[in-house]
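Engineer: One structure coming up, written as C-alpha cells, with questions to follow.
The values are calculated or read from the model by the stated rules, or taken from the named source; none is laboratory data. Being a predicted model, the structure only gives us computed values, none of them experimental. Here Cβ is always computed from backbone atoms with ideal geometry, including for glycine, and neighbour counts include all displayed protein chains. Only protein heavy atoms, including side chains, enter the accessible area calculation; ligands, DNA and RNA are left aside. Shrake-Rupley method; radii C 1.70, N 1.55, O 1.52, S 1.80 Å.
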Amino acid sequence: MKQFGNSSTFTAYGVGGCKAGWFHIAFGPAQRIRWGIEPTIDALVAKATLDDRIFIDIPIGLPSDRLGRVCDAEARNKLQTQRLSSVLSAPVRAVLHHTNNYARANQISRELTGKGLGKPTFNMLPKIKEVSDLLGSCGKARKIIREVHPEVCFWALAGNRPMQYKKNLLKGFFERLAVLRELWPSISETIEAIFEDDAVLKTHSRGSLDGDDILNAAAAAITAWAEPQALRTLPEHPLKDQRGLPMEMVYVPCGTARLKH
C-alpha cells in the first residue's frame, strides 16, 4: 500500500477472536500496516494509545431480558436472507458467569429471554466475558473499543449489498476480497505476507488462522480508519445496556471509507 490518504496520527485496529487469542490488522501513522496475534485483549489495549481505535468483532453491550438488542435485529434486516444466519443473538449478561456450564447458561437464558442459548453463542462466551471484564475495569478500553460485525462491514463497503456466499466458501472469500481490494489494492500481498510471517506461525499453527479471519479483521480496520463523521451505527441511536455500554454495530458507508491506493 502506498498511502492511506491523509496524515492521521492514530492507529486503527480491526480485531477478531482466534484460537490463540486475538488476531488484528492495524493501519497506523507513516503509512504503516501491522498485524499480529495477542493472547489477551488487555495486551492489545496496552499497546494502543487513547487516540487509537479498536473495532472488534464481539458483542459488547449486552441485553438483560427478552427484548434483545436492536442492532442484532437491524443487522439481520440489512443482510437479508443471504447472511441472516451470520448474526447471532447476543447473550444476556447473566450467562457470562457460566462460561464452563452450558446447561446452567442455557437455563438462565431461557429464564430471562424465553429462548435457549445456542451452542455457537455459548462457545463465544469466554471471549465475550474477557472483553466485558476489561471494559468493566479499564477506562481506556471503554474509550477506544467499539463493536463491529464483519458482515455488516462488508454490506456497507459493498454499497449496502449483502455478500452472496458464505465466508468459508472459496467463492465467499473472493467475493469479500474483491470488496476490500477496491479500497486496498495490495491486500492480496498482505494476506500472503501474514501467512508467511514467522511470528504469526509460532502463535498459530498453519491452517488454524483462516483467510476469512484476515478479511474480517481487514474490513474492521478499514471501518476504524474512517473519518469520525463518516461512521454510522446500527441502530442510528444505540441504547446502552445496564453497565452503560452501547448496544451497537459500527460501519462506514461505501464511498466514505478513506483507505486508498
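Engineer: Taking Cα atoms, how many degrees apart are the long axis of helix 170-181 and the longest axis of the chain, rounded to 10 and kept between 0 and 90?
Structural biologist: 60
Engineer: Among LYS78/LYS115; LYS19/LYS129; LYS78/LYS119; LYS19/LYS240, which pairs are too far apart, with a Cα-Cα distance over 19 Å?
Structural biologist: LYS78/LYS115; LYS78/LYS119; LYS19/LYS240, as the Cα separations exceed 19 Å there.
Engineer: OK, next. Once you list every other residue whose beta carbon is under 13 Å from the beta carbon of TYR165, what net charge do they have if Lys and Arg are +1 and Asp and Glu are -1?
Structural biologist: Every neighbour counted, the sum reads +3.
Engineer: Quick check: residue separation of LEU169 and ALA230 times 0.36 nm, minus the Cα distance between them. What number comes out in nm?
Structural biologist: 18.9 nm
Engineer: Over 10 Å intervals from 0, what percent of Cα-Cα pairs in region 116-261 sits in each interval?
Structural biologist: With 10 Å bins starting at 0, P(r) equals 10, 33, 38, 19, 1.
Engineer: With Cβ to Cβ distances under 15 Å as the rule, what net charge do the other residues near LYS127 carry (K, R +1; D, E -1)?
Structural biologist: Here the charged neighbours net out to -3.
Engineer: Shape call for region 22-75 from the C-alpha gyration tensor, a ≥ b ≥ c root eigenvalues: rounded (a/c under 1.5), prolate (a/b greater than b/c) or oblate?
Structural biologist: prolate
Engineer: Hey, can you find the accessible area per residue of the chain for me, probe 1.4 Å, expressed in square angstrom?
Structural biologist: Result: 47 Å² of accessible area for each residue.
Engineer: Related question: Over region 120-261, what percent of the accessible surface lies on carbon and sulfur atoms, probe 1.4 Å?
Structural biologist: Percent of accessible area from carbon and sulfur atoms in region 120-261: 52.
Engineer: Note down the net charge around ASP65, summing +1 for each Lys or Arg and -1 for each Asp or Glu among other residues with Cβ under 13 Å from its Cβ.
Structural biologist: Summing Lys/Arg as +1 and Asp/Glu as -1 gives +3.
Engineer: Enumerate the amide H contacts of MET249 below 5 Å, restricted to partners 5 or more residues apart or on another chain; note that Pro and chain-start residues carry no placed amide H.
Structural biologist: So MET249 has HN proximity to LEU234.
Engineer: Let me ask another. If you put +1 on each Lys and Arg Cβ and -1 on each Asp and Glu Cβ, how big is the dipole of the chain around its Cα centre, in Debye rounded to 20?
Structural biologist: It comes to approximately 440 debye.
Engineer: One-quarter of the Cα convex hull surface for the chain, in nm²?
Structural biologist: 13.1
Engineer: At most 14 other Cβ atoms within 10 Å and a DSSP loop assignment: could you name the trypsin sites (Lys or Arg not before Pro) in region 72-134 that fit?
Structural biologist: Qualifying residues, ordered by number: LYS115.
Engineer: Nearest 10 degrees, 0 to 90: what angle lies between the long axis of helix 70-83 and the longest principal axis of the chain (Cα atoms)?
Structural biologist: Roughly 60 degrees, rounded to the nearest 10.
Engineer: Calculate how steeply helix 102-113 sits against the longest principal axis of the alpha-carbon atoms of the chain, using the helix alpha-carbon long axis, and give the answer as 0 to 90 degrees to the nearest 10.
Structural biologist: Between the helix axis and the principal axis of the chain, the angle is about 80 degrees.
Engineer: Could you give me the ³J(HN,Hα) list for region 40-54, computed from phi with Karplus coefficients 6.51, -1.76, 1.60 and θ = phi - 60°, whole Hz, x at Gly and Pro?
Structural biologist: The phi angles translate into 9, 5, 4, 5, 5, 4, 4, 6, 7, 9, 5, 8, 7, 10, 10 Hz.
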